[in-house]
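Everything below concerns the one structure shown next.
The values are calculated or read from the model by the stated rules, or taken from the named source; none is laboratory data. Fair warning: this is a prediction, and the values are worked out from it, not measured in the lab. Every residue, glycine among them, receives a Cβ derived from its backbone with ideal geometry; neighbour counts consider all protein chains shown. Ligands, DNA and RNA are excluded from the accessible area calculation, which covers all protein heavy atoms including side chains. Shrake-Rupley method; radii C 1.70, N 1.55, O 1.52, S 1.80 Å.
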Amino acid sequence: MIQKPRGTMDILPKDVATWQYIEKKAREVAAKFGFSEIRFPTFESTELFQRGVGDSTDVVQKEMYTFTDREGRGLTLRPEGTASVARTLIENGMCSDTMPLKLYYLINCFRYEKPQAGRSREFFQFGVELFGASDAAADAEIIAVAHSLIKELGIKNTTLHINSIGCPECRPAYRNALKEYFASNTEQLCDTCKSRLETNPLRILDCKSPICSEIAKNAPKTIEHLCPECKQHMDELEGYLKEMGIEYEIDPHIVRGLDYYTRTVYEFIATDIGAQSTILGGGRYDGLIKDLGGPSLAGIGFAAGITRLILAMEKSGVNIQDENRPLLYIASMGKAAAKFAMGVVAKLRNEGVYAETDLVGRSLKAQMKYADKKKAKYTLIIGDSELENNKAQIKNMENSSQVEISLDDFASIKEILSAE
Ligand code: HAM
């Protein structure tokens with residue numbers, strides 16, 4: 001038996017209602033804040049992620065699905081969306097559009113990670129990106145989008161953790177301070193963090209290994225090493241968040257795993273969904289567009305993992321029901337009635353009615369069983385006498401009431417079905 005690749009998922013009809021609900025809410029929240037949808041390729045030139053996400057990151061070093069196509073081009077299945085959106089802007093001349101530019105996406109992403117609850121190799125993100133605004137008001141606005149999404153989905157038990165990781169001006173000195181601190185504990189660090197000491201010491205701060213996180217507790221904090229401009233940016237952001245009534249905590253261990261971040265970084269962490277608790281993460285990336293060959297253009301955004309949102313919704317007791325559409329099932333007896341029923345459902349569907357009829361030659365009893373399984377709210381039986389008189393009874397399956405209708409009076413049928 002051929003099985004799905006490890007770390008991928010089948011989303012079955014019984015679960016799709018929840019996915020559609022989240023996607024609908026995400027689109028509504030995005031629209032409320034003035035964001036437009038953008039779509040971009042599932043695979044890109046590998047170089048985009050090497051330069052955009054960063055060569056020293058786990059994503060680029062260990063997790064990308066990279067391949068060469070038949071012409072020998074180096075391509076990679078997107079591990080995230082931000083670098084692609086930045087490329088799209090540059091390539092399509094959108095960097096000179098009216099700013100701020102607000103974009104959102106619903107995408108699948110691919111990372112070769114060890115699968116566990118809330119972590120898969122193909123996963124799904126809702127992401128938003130805001131360009132052309134370097135003021136802390138934009139940071140607050142983006143965080144407000146995230147806050148609103150989580151609220152709209154009914155997710156409780158989350159905390160917003162924010163931090164500033166400084167800018168190219170102040171980060172080198174901070175990196176040195178960190179290196180110095182961790183160098184005195186090198187022996188105890190895990191192997192990954194030993195190599196991070198040279199390549200990216202900030203990442204040691206969010207290592208999940210108990211020894212590393214214990215050592216990291218007393219490490220110098222980014223927030224205490226910010227240059228005056230970064231400090232002011234952070235102070236202003238805090239001011240905006242307080243004004244907007246968004247609760248947060250400053251968390252010096254939020255550093256994020258991607259290289260493009262500058263200044264503000266943040267995560268919404270669910271307290272009750274297990275180890276993969278970051279349901280949403282993002283930050284500012286003022287150098288990304290320039291690094292990819294575009295003009296100097298500020299950017300900030302976030303992405304939320306859909307499966308983690310679902311886990312958090314389940315823990316919060318949110319229960320999504322399939323959309324309650326009043327389905328009409330037309331059962332038939334005999335060949336002539338079955339043919340006639342095909343015509344009736346075709347015409348009803350043209351009128352916008354959800355209608356089904358038998359396609360497999362079942363007995364009347366079996367057809368009614370099928371209608372019950374499909375939760376048809378209304379049924380209608382066509383037999384010889386109905387064909388002859390062109391009249392039939394529509395039965396409401398919830399209260400067993402019946403109404404006689406003419407089989408060509410589609411307006412009346414529609415009216416009955418749309419009455420609550
Ligand atoms: P990220 O933190 O790598 O950031 O991913 C964002 C979210 O995607 C995570 O918080 C998590 O909910 C979900 N996620 C990540 N990896 C997996 C996985 N293997 N399985 C399931 N869910 C996962 C980014 O991707 C940035 N592009 C976010 C961003 C946008 N920053 C600025 N703009």
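In terms of Cα to Cα distance under 12 Å, which aspartates and glutamates are near enough to Lys414, apart from those fewer than 8 places away along the same chain?
Glu351
Show me, bin by bin at 10 Å from 0, the whole-percent P(r) of the range 348-420 based on Cα pairs.
Pairs per bin, as whole percents: 17, 53, 29, 0.
Collect residues whose amide H, placed 1.01 Å from N in the peptide plane, falls under 5 Å from the amide H of Ile382; neighbours closer than 5 in sequence don't count.
Ala331, Ser332, Met333
Taking amide hydrogens as modeled 1.01 Å from N in the peptide plane, which residues meet the under 5 Å criterion relative to Leu407, leaving out close sequence neighbours?
Amide H neighbours of Leu407: Lys391, Ala392.
With θ set to phi - 60° and the Karplus curve 6.51 cos²θ - 1.76 cosθ + 1.60, what are the ³J(HN,Hα) couplings of the range 43-57 in order, to the nearest whole Hz, using x for Gly and Pro?
10, 9, 4, 3, 4, 4, 7, 4, 7, x, 6, x, 4, 8, 7
Give the carbon-plus-sulfur fraction of the accessible surface of the range 316-388 in %, rounded to a whole number; probe 1.4 Å, heavy atoms of protein chains only.
That share works out to 50 percent.
Roughly how many Å is it from the Cα centre of the range 261-330 to that of the range 175-236, as a whole number?
Cα centroid of the range 261-330 versus Cα centroid of the range 175-236: 26 Å apart.
Through the Karplus equation 6.51 cos²θ - 1.76 cosθ + 1.60, θ set to phi - 60°, convert the phi angles of the range 14-31 into ³J(HN,Hα) values in whole Hz; use x for Gly and Pro.
Whole-Hz 3J(HN,Hα) from phi for the range 14-31: 5, 9, 5, 4, 5, 4, 5, 4, 5, 4, 5, 4, 4, 5, 5, 5, 4, 5.
Could you compute the FRET efficiency for Ser195 and Arg73, with r as their C-beta to C-beta distance and R0 at 22 Å, rounded to 0.05?
Rounded to the nearest 0.05, the efficiency is 0.15.
Cross-link candidates for Lys365: which aspartates and glutamates have Cα within less than 17 Å, leaving aside residues fewer than 8 places away along the same chain?
Glu356, Asp384
For the range 203-338, report the accessible area per residue in Å² (1.4 Å probe, heavy atoms, rounded to an integer).
45 Å²
May I ask you to list the residues of the range 351-392 whose amide nitrogen lies under 16 Å from a point 7 Å from Cα along the Cα→beta-carbon direction of Lys14?
Answer for this model: 373-375.
Each residue of the range 185-195 in turn: what ³J(HN,Hα) in whole Hz from Karplus with 6.51, -1.76, 1.60 and θ = phi - 60°, glycine and Pro shown as x?
My calculation for the range 185-195 gives 10, 3, 4, 7, 5, 5, 4, 4, 5, 4, 6 Hz in order.
Pairs of Cα atoms under 8 Å, at least six residues apart: use those to get the relative contact order of the chain, whole percent.
16 percent
For a test of the definition: using alpha carbon positions, the gyration tensor, and the 1.5 limit on a/c, classify the range 120-237 as rounded, prolate or oblate.
Oblate is the answer for the range 120-237, as a/c is 1.5 or above yet b/c matches or exceeds a/b.
Can you give the calculated 222 nm mean residue ellipticity of the chain, where each DSSP H run of n ≥ 4 adds -39,500 (n - 2.57) and the sum is split over every residue, rounded to the nearest 500 deg cm²/dmol?
Mean residue ellipticity at 222 nm (helix-derived): -11000 deg cm²/dmol.
At 1.4 Å probe radius, can you tell me the per residue accessible area of the range 84-176 in Å²?
38 Å²
Could you work out the Kirkwood radius for the chain, taking every pair of different alpha carbons, averaging 1/r and inverting it, reported in Å?
Here the Kirkwood hydrodynamic radius works out to 24.9 Å.
On the protein heavy atoms, probe 1.4 angstrom, tell me the percent of accessible surface of the range 211-253 carried by carbon and sulfur.
For the range 211-253, the apolar C and S fraction of the accessible surface comes to 50 percent.
List the residues, sorted by chain then number, that are 5 or more residues from Phe124 or on another chain and whose placed amide H is less than 5 Å from its amide H.
Cys109, Ile306, Thr307
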